[in-house]
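Engineer: First the structure, which I've put down as structure tokens, then a few questions once you've had a look.
The values are calculated or read from the model by the stated rules, or taken from the named source; none is laboratory data. Only a predicted model underlies this, so the values are computations on that prediction, with no experimental measurement involved. Heads up, the Cβs are rebuilt from the backbone with ideal geometry, glycines too, and the neighbour counts pull from every protein chain shown. Accessible surface areas use protein heavy atoms only, side chains included; no ligands, DNA or RNA. Shrake-Rupley method; radii C 1.70, N 1.55, O 1.52, S 1.80 Å.
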Amino acid sequence: HGPWTLVEADVVRGKTLTSWPSLRTDIKNAGGDWRDVQVFTCPAQGFKLVTSRKPDDLDAFNSALVKAFSE
């Protein structure tokens, strides 16, 4: 539930991210846009944020992280 830390830090406003579905309302209330996808990379607000939903999405998440760090 890493996105809760991002919500508390007030850095999801204007960002699009994915997470475990139970965090959807908290992300939306914090000004973020929530998507139900394996992994999402959002470049908005001057920094890339790579998020995923659940442990089953780990391979897709790792691939997205490698891509983000290599750019």
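Engineer: Counting only C-alpha contacts under 8 Å and six or more residues apart, can you give the relative contact order of region 6-71 as a whole percent?
Structural biologist: 29
Engineer: While we're on this one: Starting from the 7 Å offset along Cα-to-Cβ, what nm value, one decimal, do you get for the label separation of N62 and Q45?
Structural biologist: Distance between label points: 2.8 nm.
Engineer: Where the accessible area of the chain is counted over protein heavy atoms with a 1.4 Å probe, how much of it, in %, is carbon and sulfur?
Structural biologist: On the way: 2400 of 4530 Å².
That fraction is 53 percent.
Engineer: Using a basic spin-label model with each label point 7 Å from the Cα along Cα→Cβ, how many nm lie between N29 and R13?
Structural biologist: My value for the distance between the label points is 1.6 nm.
Engineer: On a straight-distance basis, which aspartates and glutamates could pair with K15 in a cross-link, Cα separation under 16 angstrom, same-chain partners fewer than 8 positions away excluded?
Structural biologist: D26, D33, D36
Engineer: A further question follows. Could you tell me how many degrees, from 0 to 90 and to the nearest 10, lie between the Cα long axis of helix 58-70 and the main elongation axis, the longest principal axis, of the Cα atoms of the chain?
Structural biologist: The helix 58-70 is inclined about 80 degrees to the chain.
Engineer: The list [x] 1.02; [y] 1.07; [z] 1.26 gives values of Cα Rg over 2.2 N^0.38 Å, and only one came from this structure; which label was calculated from it?
Structural biologist: The listed entry that was calculated here is [x].
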